[in-house]
Structures are given as C-alpha cells and as structure tokens.
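The structure under discussion appears below in the form of structure tokens.
The values are calculated or read from the model by the stated rules, or taken from the named source; none is laboratory data. Keep in mind the model is a prediction, meaning the values are calculated, not measured. A quick note on method: Cβ atoms are made from the backbone with ideal geometry, for glycine too, and the neighbour counts reach across all protein chains shown. When the accessible area is computed, the model is the full protein with side chains, heavy atoms only, and any ligands, DNA or RNA have been set aside. Shrake-Rupley method; radii C 1.70, N 1.55, O 1.52, S 1.80 Å.
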Protein chains: 2
Amino acid sequence: MDIALNLANCAFDAGEVPVGALVISPEGQIVSEAFNQVEKLQNPTAHAEILALEKACALLSRKRLVGYTLVVTLEPCPMCAAAAMHYRIDRIVFGAYDPKGGGVEHGACIFSHRQSLHRPEIIGGVQEQESQILLKNFFQQMRSTSC
Amino acid sequence: MDIALNLANCAFDAGEVPVGALVISPEGQIVSEAFNQVEKLQNPTAHAEILALEKACALLSRKRLVGYTLVVTLEPCPMCAAAAMHYRIDRIVFGAYDPKGGGVEHGACIFSHRQSLHRPEIIGGVQEQESQILLKNFFQQMRSTSC
C-alpha cells in the first residue's frame, strides 16, 4: 500500500484525483503500477485500477489475472470493481472507503449480487487515513484554486 | 439498432461474443461504431460499449458525452453501464435484456442507487429478438465446436 500511496502522490502532483494502484502476482511480485490519468488522457475511464489491470494483462500476455491481487488506495468505483471481476482478480486490497463513489462496499456493491460471476477476497481500510488525507488535500486545493 | 446488429454480426464472424454498439450525437449522427473484441485484444474489458465510447471521445477530443446516445445490442454489464455513467451519456438504448450479466435492469442495477452520479434515460428491448437469436446461435456454435 505504501507504493500505491506513492503512485497516488504522483497523480496529485499531475493534477489528477490522487489514486494509485498496482497488481501483485501470486508470488508477491509487483506486475504493474498506475495512477489516475483521467485528465491527461481525457478519458473518464482512465482510473488507476483499469490502467494497472490492463498493463498487467498486456505484460503477461493473458486476459485473466487468476491468483493476482489488486492494491488500490481508494475503494474501487462500480466500473473498476466490475472490471476486476472480468479480469478474475483474486483479491482486492483498498485504502479509504468511498461512501459516495465506491462500488464494492457501497452503492452498486458489485460483488454482492447473485449475478456476480466472480467474488474476490476484499480487504478494505488499509492505511485508510493516509489515502483520505491525500484526497482531502487534493479537493481542498482544487476548491481554493477555482475560487 | 440495425447498424448495431450488423456490428454484432461482425463480432460473430470474428469469433467474438456478438455484441455491437454505436454512439449517436445529439443531432442524430453516428460518431463511433464498435463490436466486442475481448478475444482479439485479449482484454476482458474490450466490450463493444467501452470501445465505442472511447472512440467517440477520442474523435471528439472531449471526455464527456453529454447529450449523446449509446446504442447496444445487449443490456450493458455493470462495468459498461458504470463507464457510460462516467462519460455522462444521456441515453442508453439496448436490445436484449441480460438477466445473467446485465447491470442496468439486473444485478448491480448501476443507475438505481443514490450514489449514481448520473442517470441516463434507458430504453431496453429494442429489436430484442434479433439480438437474442444472434447470441443463442453463437453459444450453440461454441458448444458444438468444443464437443
């Protein structure tokens, strides 16, 4: 999670919502790293999780990530949670809970339906405060800049 | 929807789950077209809707599709429905309902939560039978090939 938080800091410095993500192999190796790039790529789906998952599959030349772990600083939104389901990721470890935009423990609760094709292990709230502080600082800065 | 069904047929011919999608401008012009490319791209997120939405934004050099319509032959999965939400698409017109994998009228019901940032108009069941027959034929063919 320290590495994911560093990636989130990179997003912050780039003017992106500070979220960082990485994919870890069953052997504990980091396969891919990414941070939010919605503004840079002008693509609202360029979330850290999607970019890290895509990168991992491209590097491994495969389309599923069975046995792999997604680590991300913020609770994934419904799109990212459902993408992780399509990738058949085994475990999602996330930092801050996101009652407004999260789709794992809130709102759509992607893995809680009987239609859910795949249910990864979920570990939320890891280094929650660090992630929350980063997000809070970012949005405070955004508000003060836009005034 | 006829054009989306033609695109779904292209997916069928390419050995992909037959789903086609297009994005239509507020003036009624087709902005982008795509069909499922999960196998070709070895990317489980390369659904017709995601590809059509990405292409539309790239062509228009913008990151939101306010006023635009997504037409797709099958009820979007939760990932695609949530992506359409991030793109702020105004209307989703889909063909066959998908009780197993759909995320608009089934399962995660992406737009039915108070956390949903955006609620497009939904028109489902348009030329439902044509889409259903195509999907049924595809999976029948898959089963007979794998026996």
Exercise for the section: State whether one or more residues within the stretch B:97-116 are of a type in the set (Asp, Glu), over 12 Å from the mean Cα position of the chain (by Cα) and under 21 Å from A:Gly103 (Cβ atoms). Expected result: yes
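Out of A:Glu49, A:Glu39, which single residue is among the acidic types (Asp, Glu) and out of contact with any Cys (no Cβ under 6 Å at 6 or more places or on another chain)? Reasoning before the result, please.
Working: A:Glu49 fails: out of contact with any Cys (no Cβ under 6 Å at 6 or more places or on another chain).
So the residue among A:Glu49, A:Glu39 that is among the acidic types (Asp, Glu) and out of contact with any Cys (no Cβ under 6 Å at 6 or more places or on another chain) is A:Glu39.
Examine the stretch B:76-98 for a residue that is of a type in the set (Gly, Ala, Ser) and either open to solvent by 80 Å² or more (accessible area, probe 1.4 Å) or modelled with pLDDT under 95 (or both), and state whether such a residue exists. Explain how you work it out, then say what you get.
Taking the stretch B:76-98 as the starting set, the residues that turn out to be of a type in the set (Gly, Ala, Ser) are B:81-84, B:95-96.
Cutting the leftovers down to either open to solvent by 80 Å² or more (accessible area, probe 1.4 Å) or modelled with pLDDT under 95 (or both) gives us none.
The answer is no, given that none of the residues of the stretch B:76-98 is of a type in the set (Gly, Ala, Ser) and either open to solvent by 80 Å² or more (accessible area, probe 1.4 Å) or modelled with pLDDT under 95 (or both).
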Handout entry: Condition check for A:Gly102: modelled with pLDDT of 95 or more, open to solvent by less than 60 Å² (accessible area, probe 1.4 Å) and within 14 Å of another protein chain (Cβ to nearest Cβ)
Key = yes
Practice task
Filter the stretch B:50-68 down to residues that are open to solvent by 60 Å² or more (accessible area, probe 1.4 Å), under 17 Å from B:Ala82 (Cα atoms) and at the interface with chain A (Cβ under 8 Å from one of its Cβ atoms), then give me how many there are.
Solution key: 2
Exercise for the section: Please go through the stretch A:126-136 and pick out each residue that is open to solvent by less than 90 Å² (accessible area, probe 1.4 Å) and closer than 26 Å to B:His118 by Cα. Expected result: A:Ser131, A:Gln132, A:Leu134, A:Leu135
Exercise for the section: Please indicate, with yes or no, whether at least one residue in the stretch B:115-125 is over 20 Å from A:Asn43 (Cα atoms), modelled with pLDDT under 95 and either open to solvent by 80 Å² or more (accessible area, probe 1.4 Å) or facing chain A (nearest Cβ under 9 Å) (or both). Expected result: yes
Exercise for the section: Search the stretch B:58-87 for residues that are without any contact (Cβ under 8 Å) to a residue 12 or more places away in the chain and of a type in the set (Gly, Ala, Ser) and pair each with any residue that is open to solvent by 20 Å² or more (accessible area, probe 1.4 Å) and not in a helix (DSSP H, G or I) when their beta-carbon atoms are under 9 Å apart and the residues are at least 6 apart or on different chains. Expected result: B:Ala58/A:Gln42; B:Ala58/A:Asn43; B:Ser61/A:Gln42
Handout entry: In the stretch B:8-49, the residues that are surrounded by 24 or more Cβ atoms within 10 Å (Cβ to Cβ) and not in a loop (DSSP other than H, G, I, E, B)
Key = B:Ala8, B:Ala11, B:Gly20, B:Ala21, B:Leu22, B:Val23, B:Ala34, B:Phe35, B:Ala48, B:Glu49
Practice task
Confirm whether B:Phe139 is open to solvent by 40 Å² or more (accessible area, probe 1.4 Å), among the aromatic types (Phe, Trp, Tyr) and farther than 19 Å from A:Asn43 by Cα.
Solution key: yes
Exercise for the section: Please state which of the following conditions B:Ala52 fails to meet, knowing it meets all the rest: (1) small (Gly, Ala, Ser); (2) touching a strand residue (DSSP E or B) at 6+ places or on another chain (Cβ under 9 Å); (3) not in a helix (DSSP H, G or I). Expected result: (3)
Handout entry: Hits in the stretch B:7-39 (condition: of a type in the set (S, T, N, Q) and more than 13 Å from the chain's Cα centre (by Cα))
Key = B:Asn9, B:Ser25, B:Gln29
Problem - Of residues in the stretch A:28-49 being without any contact (Cβ under 8 Å) to a residue 12 or more places away in the chain and of a type in the set (Gly, Ala, Ser), the one nearest to the other protein chains (Cβ to nearest Cβ) - result: A:Ala46
